[in-house]
Amino acid sequence: MDAQVDGPSTVALTQTKALVPGYLLTPFGWAAQPLAAMIQTDPALVTQLFELDRPRMHVIALALAHVDRNPAPHLAPVLFRASAREILQRVAGQADVGFKGVLRRLPSAVLSRQGYLRLIELLDDPLSAKEMHHLEQRTITDSIISILYEAPAVLRPVLAELLRVIESTEKLDHLQDGLRWLITRGAAESFDTLVTDLAVHVQPGQFVARLKKLVSELPLPQTLPPKKIGKARRVDATADICALAKRFKNCLETFPRQIDAGACAIYLWDDPAEPAVCLVTRHGRLGWCLSEALGPSNAELDGKQLLQIATAFAKAAVPQYSAICALECIQQADCTTRPRTPRQRQHDLEQRLWELEEAAWIEDVVDAVA
């Protein structure tokens with residue numbers, strides 16, 4: 001391969017049209033195209049690409065996240081051969097802030113550009129860096145980085161502990177919105193007051209218990225959400241809901257019982273060009289939220305329309321479910337157990353194998369006696 005790369009094909013490759021990343025570069029995601037562009041200017045790096053491991057993939061993506069969309073060609077050999085410390089110093093102007101320590105816990109595909117930038121900022125803060133390193137066996141995803149980055153600094157330690165026991169960490173992505181919703185519902189006078197209150201509870205179990213208590217003291221919702229919200233109007237009659245189900249070809253006809261029980265409400269976003277059905281659900285004392293908004297045949301809405309609908313409902317004090325979901329997820333967290341370490345899992349496996357061997361031996365003895 002070296003001979004082929006260093007020969008006439010090198011010139012040919014640099015003169016061809018821009019390379020388009022193929023299937024093998026899928027883990028690089030957004031970084032695949034700038035990486036392909038750099039390789040095109042230095043084809044000898046193709047051999048390095050075949051020898052690439054996961055840590056090096058993240059080191060390269062980290063560097064590309066810190067430079068513009070068209071990185072300088074001379075940067076390519078550095079990304080493939082220099083140490084993580086050297087690369088971080090070169091592209092971010094920082095010495096090693098602990099990035100090497102978390103490399104082995106990054107996912108099998110690259111993070112987002114923003115994810116790498118936020119990760120370095122977190123690692124640059126001693127307290128946040130300590131929490132990142134204490135995540136132990138958790139894969140450090142974009143979601144985990146976003147949750148810790150956006151959370152008030154005083155809450156990061158206890159949130160890091162919670163992230164160790166919560167399986168679906170992405171459910172906490174909008175925790176900030178959830179905390180602000182608690183303020184709207186009367187849990188505290190201000191966001192800072194609420195954060196100060198929660199920060200006192202440094203143990204995960206205490207934190208969860210305090211959040212549950214705050215929610216239990218919220219006033220019960222007194223009424224349904226408004227009859228009209230933006231372009232949406234509430235559909236109450238069962239016959240109208242069934243007619244809407246036929247029009248939109250969905251399962252709305254199964255909802256009347258929940259509607260009668262006061263657990264949900266159906267809204268029609270009455271836009272002739274882009275009609276949509278909005279499902280609003282009640283979540284106990286947390287109140288009403290926008291759970292879903294879909295087009296005909298349950299088609300997903302484009303981002304612009306979805307934002308327009310979410311904004312209209314938010315103005316009517318009906319937040320998106322993601323905010324409520326974060327609060328519910330924490331309340332349901334089981335803080336009595338922690339993820340088992342590799343040593344513990346190995347011990348469990350050895351114990352199970354021993355039990356199987358013992359059972360097989362007993363069965364052989366019984367058969368022999370019989």
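The values are calculated or read from the model by the stated rules, or taken from the named source; none is laboratory data. Just so it is clear, the structure is predicted and the values come from calculations on it, not from any experiment. All Cβ positions, even for glycine, are placed from backbone atoms using ideal geometry, and neighbour counts span all protein chains on display. Remember, those area values only see protein heavy atoms, side chains included, never the ligands or the DNA or RNA. Shrake-Rupley method; radii C 1.70, N 1.55, O 1.52, S 1.80 Å.
Cα axis of helix 113-124 to longest principal axis of the chain: angle in degrees, 0 to 90, nearest 10?
Approximately 80 degrees, to the nearest ten.
With θ set to phi - 60° and the Karplus curve 6.51 cos²θ - 1.76 cosθ + 1.60, what are the ³J(HN,Hα) couplings of the range 179-195 in order, to the nearest whole Hz, using x for Gly and Pro?
5, 5, 5, 4, 5, 4, 7, x, 6, 7, 6, 8, 5, 4, 5, 5, 4
Tell me the per residue accessible area of the chain using a 1.4 Å probe; a whole number in Å² is fine.
54 Å²
Excluding residues on the same chain fewer than 8 positions from Lys231, give the lysines whose Cα lies under 25 Å from its Cα.
Candidates past the 8-residue exclusion: Lys246, Lys249, Lys304, Lys315.
Within 14 Å, Cβ to Cβ, of Cys251, how many net charges do the neighbouring residues add up to if Lys/Arg are +1 and Asp/Glu are -1?
With Lys, Arg at +1 and Asp, Glu at -1, the neighbours total +2.
Please give the charge dipole size of the chain, origin at the Cα centre, charges +1 on K and R Cβ atoms and -1 on D and E Cβ atoms. Round to the nearest 20 debye.
1260 debye
Gap in Å between the Cα centre of the range 139-207 and the Cα centre of the range 239-293?
30 Å
For n ≥ 4 DSSP H runs only, could you compute -39500 (n - 2.57) per run for the chain, divide by its residues and tell me the 222 nm figure to the nearest 500?
When only DSSP H runs of four or more count, the value is -15500 deg cm²/dmol.
Would you tally the net charge around Pro319, using a Cβ to Cβ cut-off of less than 12 Å, leaving Pro319 out, and scoring K and R as +1, D and E as -1?
+2
Checking the cross-link filter: which lysines have an alpha carbon closer than 28 Å to that of Lys130, excluding same-chain neighbours under 8 positions apart?
Partners within reach: Lys100, Lys171, Lys212.
Would you mind telling me the share, in percent, of accessible area of the chain contributed by carbon and sulfur at probe 1.4 angstrom?
54 percent
Mind sorting out which of (1) 1.30; (2) 1.06; (3) 0.98 is the real Cα Rg over 2.2 N^0.38 Å computed from the coordinates?
It is the value labelled (1).
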